[in-house]
Each structure stands twice: as C-alpha cells, then as structure tokens.
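S.K.: Attaching a single structure in structure tokens format; questions to follow.
The values are calculated or read from the model by the stated rules, or taken from the named source; none is laboratory data. Here the structure is a predicted model, which means the values were calculated and not measured. In this analysis, Cβ positions are derived from the backbone assuming ideal geometry, glycine residues included, and neighbour counts consider all displayed protein chains.
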C-alpha cells in the first residue's frame, strides 16, 4: 500500500478517518465501498495500539445480557457472523467453559443462543458455531485434567469466535478499503483542526504532519 501523504497535493475527501486500528480500517472500507472518497491517517503503525493488544475474542455481547441490552447483543452476534463469513482465514469459533454455572448463567446462555438464531448460516460449513451444552464433573476432569476438583459439579461450554491475527485482519480491511479507492497513510499524525465560525471543521482543513 502506498502512503498517499508522500505526494499529497491538497486533495479533498468526503471523509477523513483518524486512526488506523480495526475500527478506523472498517469505517474506511465501509465508506469507500459505498462510493465515498476516503482518506485514513494513522500516527504510527496500522493496528499498532489497541488492535494489537486485544483479547482477540470476536464476542457476541454475552456480557450485555446482564444489563438486558438485547438489541446490542443481537447486533454483536450479527457482526460476529459477518466477520466469520468475510474473513474465514482470520476468524474461528472457540469454546469457553463456565464451571459450576448458576441457574442465571444457564438462562443467559439459552437466550444467547436464541439471539444467535442465524449463527449456522455461514459460508464456510466448518465455521458453524454450536449451541451451548453441559459437561458433567467427570467430563470436565477428562477435558481439563488440572481442573480444581474440590467443589466441582460440572460446567457449561459455549462458543464465540477468535481473531487469530488481529493485526492482519486490520490490514485486510485496509487493503480492501484501498481496493475501493481509499487513500491511507501511516506515520501521519493529525496535529490540529482549523475551526471556522460555528465551531465547524471544513473538509480537508486539518494540520497533518
């Protein structure tokens, strides 16, 4: 990818994306694929900050069930499936284990699977995410021999997805954005904006080094 700032000549863009992590890369890709002119700048390496220090989990928002944010959970599950479809070489199903799950946890996992009603509609059949299922005490010990046995009654297994190379996933989005015409440049720091009357920032009026 060529850094557009190397020969930038005061070109204007519909959208300027500041930050070349996974969020900025995805925004640039989405906007460019819709026909908008897009520039993305990153002050250091692409994906070099939060996107490189992530837990790598592409989660469906299980934690949001606790606050009854069902719409957010459904949105997260939908996005999880999309990522598994468009980036099958980077996103894989991964199991998690809840030891001695409470009744509330069991209900939560049931609702989680219910909200992910389309999770098996994957382009790659090997990426289908199973429903959660229980494990007996003996099955837990068989799968995890070093598990603490005192007080162990059983467990529940549920699935989310894992991004095995988040930095490469970020670069894949950036390359796709460039394919649709976006201009990108790393080691390009936004220092300031020119503010006009009404506290507005005119397009292309920012100090970039």
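S.K.: Does residue 190 meet the test of being in the same structural domain as residue 102 (by TED's automatic domain parsing) and either crowded, with 16+ Cβ neighbours inside 10 Å or more than 30 Å from residue 99 (Cβ to Cβ) (or both)? Can you show your working first?
M.R.: Working: in the same structural domain as residue 102 (by TED's automatic domain parsing): no; either crowded, with 16+ Cβ neighbours inside 10 Å or more than 30 Å from residue 99 (Cβ to Cβ) (or both): yes.
Judged against the criteria, residue 190 is not a match.
S.K.: Select the strands (runs of 3 or more DSSP E) contained entirely in region 1-100, then report the ones holding at least 2 residues which are closer than 30 Å to residue 138 by Cα.
M.R.: Output list reads 91-99.
S.K.: For region 42-65, how many residues meet the condition of being within 13 Å of the chain's Cα centre (by Cα), farther than 12 Å from residue 115 by Cα and crowded, with 19+ Cβ neighbours inside 10 Å?
M.R.: The total comes to 3.
S.K.: Is it the case, given these coordinates, that residue 100 is at pLDDT 95 or above, surrounded by fewer than 18 Cβ atoms within 10 Å (Cβ to Cβ) and either within 21 Å of residue 166 (Cα to Cα) or touching a strand residue (DSSP E or B) at 6+ places or on another chain (Cβ under 8 Å) (or both)?
M.R.: Numbers: at pLDDT 95 or above: yes; surrounded by fewer than 18 Cβ atoms within 10 Å (Cβ to Cβ): yes; either within 21 Å of residue 166 (Cα to Cα) or touching a strand residue (DSSP E or B) at 6+ places or on another chain (Cβ under 8 Å) (or both): yes.
Judged against the criteria, residue 100 is a match.
S.K.: For residue 20, are the conditions met, namely being under 23 Å from residue 111 (Cβ atoms) and in contact (Cβ under 8 Å) with a residue 40 or more places away in the chain?
M.R.: Here the answer is no, as residue 20 does not meet what is asked.
Per-residue answers, yes or no, for (1) touching a residue at least 24 places away in the same chain (Cβ under 8 Å); (2) surrounded by fewer than 16 Cβ atoms within 10 Å (Cβ to Cβ); (3) closer than 29 Å to residue 98 by Cβ:
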| site | (1), (2), (3) |
| --- | --- |
| 40 | yes, no, no |
| 67 | no, yes, yes |
| 73 | yes, no, yes |
| 76 | no, no, yes |
| 80 | yes, no, yes |
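S.K.: Quick check: is even one residue across region 120-134 assigned to a loop (DSSP other than H, G, I, E, B), modelled with pLDDT under 95, under 30 Å from residue 49 (Cα atoms) and not assigned by TED's automatic domain parsing to the domain that holds residue 28?
M.R.: yes
S.K.: Let me ask you something else. Taking the condition farther than 26 Å from residue 179 by Cβ and either touching a helix residue (DSSP H, G or I) at 6+ places or on another chain (Cβ under 7 Å) or in contact (Cβ under 8 Å) with a residue 60 or more places away in the chain (or both), does residue 97 pass?
M.R.: Taking the combined requirement at face value, the residue satisfies it.
S.K.: Hey, can you tell me all the residues within region 118-134 that are out of contact with any helix residue (DSSP H, G or I) (no Cβ under 7 Å at 6 or more places or on another chain) and under 26 Å from residue 154 (Cβ atoms)?
M.R.: If the condition is that a residue be out of contact with any helix residue (DSSP H, G or I) (no Cβ under 7 Å at 6 or more places or on another chain) and under 26 Å from residue 154 (Cβ atoms), then 120, 128, 129, 130, 133, 134 are the ones that fit.
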